[in-house]
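A short worksheet on the structure shown next.
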Amino acid sequence: MSQHPYRTHTCNQLRAEHVGQRVRLGGWLYRKRDQKHQVFVDLRDHHGVTQVVFDESTPALTERVRDLRVESILIIDGEVVRREKPNDKLATGEIELKALALTVDSEAAELPIQVAIPKGESDRDGEELRLRWRFLDLRRERLHRNIVVRDVIIRAMRDHMHAEGFVEFQTPILTNSSPEGARDYLVPSRVHPGKFFALPQAPQQWKQLLMASGFDRYFQIAPCFRDEDARADRAPGEFYQLDLELAFATQEDVFGVIERLYQKMPDLVAPHLPDRPKKRIQQFPFPRLPYWEVVDRFGTDKPDLRFGLELTDVSEAVRGTGFGLFADALGKRDGRVKALRLPGLGKDGKGAARRLEKAVKEKGYGGLPHLIYTAGEVDGSLKKALTADEVARIKAATGAEADDLVVFGFGSRLQAAKVLGEVRLLVGREQNLADPTLLAFCFVVDFPFYELDDEGKVQFSHNPFSMPQGGMDALNGMDPLEIKAYQYDICCNGVELSSGAIRNHRPDVMYRAFELAGYSKADVDREFGHMIQAFRYGTPPHGGMAPGVDRSIMIFLDEPNIREVVAFPKNQKCQDLLVNAPSFVRKKQLDELHIRIVPPEGVDVQILP
RNA sequence: GGGGCCGUAGCACAAUUGGUUAGUGUACCGGACUGUCGAUCCGGGGGUUGCGGGUUCGAGUCCCGUCGGCCUCGCCA
């Protein structure tokens with residue numbers, strides 16, 4: 001009988017139907033239960049676990065396996081036998097392998113972190129250790145499965161994009177500095193002393209050039225590099241986007257592609273997560289919500305739509321107030337006073353208000369004035385500042401009842417809402433208002449094209465290369481601050497998955513748009529000349545977006561940290577603790593690159609010989 | 001760069017809120033056990049409590065500094 005040198009089956013294949021067969025399994029020694037005369041071994045591979053029994057009929061093997069440490073690689077020949085007492089926790093639990101021959105292919109040293117998690121303990125050791133010994137961490141069930149589901153999701157993205165008529169591209173990694181806002185990673189050129197490549201922050205310019213090149217639908221699982229600090233949902237240094245761009249496309253065309261993709265995901269992912277309830281999409285098609293509507297209602301441009309607690313505008317209820325802070329706010333252009341009613345949170349006096357105020361102050365807000373409605377007198381920090389009429393009108397506007405806490409935000413339309421948006425999220429989290437099995441996607445549309453900067457000057461509010469709604473007529477005829485952009489986000493459960501835009505592909509409109517923001521034609525030509533140049537020779541209208549791949553996977557896997565869905569992530573300081581990167585380099589390497597190191601003061605820099 | 005939390009055995013955690021020889025689980029080493037299955041039972045080794053100062057009769061515990069990690073804000077399509 002010819003036999004594969006390492007295995008005839010995986011550790012998740014053998015069933016009752018194989019009983020009596022002689023097979024060979026290869027895998028890791030996962031767990032060992034030693035009973036002296038016989039030793040039970042759980043053999044694990046990528047696919048699953050099979051129990052192997054070493055008994056008195058093969059004393060030498062039993063002796064050998066007893067001495068092995070867990071995580072050693074074993075190649076075991078044996079006979080598939082039916083188990084008297086099946087183990088319904090294992091997919092292979094009907095059978096076991098009676099060992100007849102054993103090869104120890106790779107003996108494991110004592111482990112720095114354990115792969116088999118002790119009963120009752122978490123599989124999340126210290127991050128530093130997990131990253132240093134990532135290949136061990138990746139053997140553990142949850143992380144291993146996350147990486148597999150990552151593949152399921154990425155493959156679904158590729159399949160979907162091809163099915164929708166997209167062509168996959170690769171664009172340069174060694175490229176130039178492009179007009180996104182983040183810090184670039186620079187790569188020195190050996191051949192051109194003093195010159196540098198930049199790693200792409202996104203393939204933005206390339207995909208637009210491909211549109212100009214006549215390709216109809218572009219996509220790429222695109223690596224992006226930005227030298228910015230980490231967040232829980234943002235990897236430092238590098239991450240991936242599902243980058244896509246469509247020619248002759250409207251905003252709705254772009255939305256359709258993404259919405260149909262995400263619609264499929266819960267069904268694709270669920271079979272890999274049998275221990276959890278399947279995710280449900282709250283609303284399909286995804287709601288399209290104008291920017292100012294979500295800011296007004298939820299206090300953020302990335303709303304968590306899984307629960308209510310919406311904000312109320314009480315500007316009219318307090319107009320003419322003698323309370324200085326509110327009066328000042330209302331005196332400004334588009335100034336507002338907004339309220340958030342928190343049912344029942346006034347029951348225990350001022351405790352909740354103080355706690356919430358402390359939390360928003362930690363986020364850098366000035367404070368959180370509040371009222372507590374009771375059966376009798378109103379209480380709270382604004383009790384004396386507001387008149388009885390004002391208090392009554394606020395009650396009517398917010399629908400507040402006895403025991404309710406009402407907190408206030410004031411200032412510009414955005415400022416007034418933002419602080420309450422933070423409170424809304426805090427309370428939503430404390431009270432578990434969001435159903436964790438829901439996926440509440442939405443498109444946020446109609447972002448303002450311009451805004452006022454700190455000095456009161458008109459500035460682009462987001463991407464200067466998006467198309468203003470109304471085009472040239474709007475730029476020439478409207479108050480710039482009223483112009484909306486074909487600029488949009490997709491959000492889910494309070495996380496921004498992507499921005500996107502219908503691009504400005506018309507040089508005349510682009511010059512005018514920049515002119516309103518104070519840039520001359522010469523400025524534009526100098527900074528973005530090659531793009532404008534391309535657009536002068538016939539470029540179709542086009543637009544797209546670029547959902548974060550890692551973030552999308554987090555959402556479907558319910559992982560709170562991006563490192564749980566990336567095989568080899570960097571730590572918060574953008575170091576790779578497994579391969580020790582970044583690292584110092586040899587003098588010869590620096591010489592070849594014509595580079596000299598000038599260390600910051602007090603920092604010890606080494607140059608290797 | 002700012003703020004918060006944390007740092008005790010290979011790993012995960014405890015230690016009466018300043019008081020005896022720093023414990024428990026797991027891992028490791030040895031022993032017992034013929035159906036275990038996150039095995040069980042018995043025994044053993046393993047610690048400069050991140051590091052450096054300070055307060056105190058006495059510091060894992062309090063104070064200052066420093067290093068490291070995580071979270072968060074700034075930053076960031």
The answer for the net charge of residues other than residue A:472 whose Cβ lies under 12 angstrom from its Cβ, with Lys and Arg +1 and Asp and Glu -1, is -1
Among A:350/A:573; A:338/A:363; A:302/A:521; A:332/A:358, the pairs whose Cα-Cα distance exceeds 29 Å are A:350/A:573; A:302/A:521
Of all trypsin sites (Lys or Arg not before Pro) in the stretch A:367-423, the ones in DSSP coil with at most 15 other Cβ atoms within 10 Å are A:383, A:384
At R0 = 30 Å the Cβ-Cβ FRET efficiency linking residue A:19 and residue A:109, nearest 0.05, sits at 0.25
In Å, the C-alpha Rg and Dmax of the stretch A:16-106 are 11.9, 32
Whole-Å distance linking the alpha carbon centroid of the stretch A:62-120 with that of the stretch A:575-608 is 46
Heavy-atom accessible area of chain A with neighbours in place, 1.4 angstrom probe: carbon+sulfur share in percent works out to 51
Expressed in angstrom and rounded, the centroid-to-centroid distance over alpha carbons for the stretch A:208-278 and the stretch A:18-56 is 42
Per the helix-only model, chain A has a calculated mean residue ellipticity at 222 nm (DSSP H runs of ≥4, -39500 (n - 2.57) each, divided over all residues, rounded to the nearest 500) of -8500 deg cm²/dmol
Between residue A:561 and residue A:579, the two model label points (7 Å from Cα along the beta-carbon direction) sit apart by a distance in nm of 2.2
Length gained, residue A:145-residue A:229, 0.36 nm per residue minus C-alpha separation, equals 27.5 nm
Note, residue A:344: beta-carbon cut-off 11 Å, +1 each Lys/Arg, -1 each Asp/Glu, net -2
What the Cα atoms of chain A span along the principal axes, largest first and in whole Å, is 94, 74, 56
1/(1 + (r/R0)^6) with r = Cβ-Cβ of residue A:117 and residue A:374, R0 = 45 Å, i.e. FRET efficiency to nearest 0.05, evaluates to 0.35
Relative contact order as a percentage, chain A, C-alpha pairs under 8 Å and 6+ apart, gives 13
Total charge of the residues flanking residue A:275 in space, meaning their Cβ is under 12 Å from its Cβ, with Lys and Arg +1 and Asp and Glu -1, is +3
Low-density loop trypsin sites (Lys or Arg not before Pro), the stretch A:179-221, at most 14 other Cβ within 10 Å, DSSP non-H/G/I/E/B, are A:183, A:190, A:195
Residue separation between residue A:87 and residue A:319 times 0.36 nm, minus their alpha-carbon distance, gives in nm 76.4 nm
Taking a crude spin-label model, label points 7 Å out from Cα along the C-beta direction, the residue A:432 to residue A:216 distance in nm is 5.0
Taking r as the C-beta separation of residue A:292 and residue A:272 and R0 as 56 Å, the FRET efficiency to the nearest 0.05 is 0.90
Under 18 Å by backbone N from the virtual spin label 7 Å along Cα-to-Cβ at residue A:46, the residues of the stretch A:55-78 are A:73-75
Candidate cut points under GluC sites (Glu not before Pro) in the stretch A:98-206, DSSP loop plus at most 12 other Cβ atoms within 10 Å of their own Cβ, are A:110, A:121
So residue A:186 and residue A:515, fully extended at 0.36 nm per residue minus their Cα-Cα distance, gain in nm 115.4 nm
With label points set 7 Å from each Cα along the Cα-to-Cβ direction at residue A:508 and residue A:401, the distance between them in nm comes to 6.1
Taking a probe of 1.4 Å and leaving out DNA, RNA and ligands, chain A shows per residue an accessible area in Å² of 50
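The values are calculated or read from the model by the stated rules, or taken from the named source; none is laboratory data. Computed from a predicted model, the values in this text were never measured in an experiment. Reconstructed Cβ throughout: ideal geometry from the backbone, glycine too, with neighbour counts over all protein chains shown. Quick note on the areas: whole protein, heavy atoms, side chains included, nothing else; ligands and nucleic acids left out. Shrake-Rupley method; radii C 1.70, N 1.55, O 1.52, S 1.80 Å.
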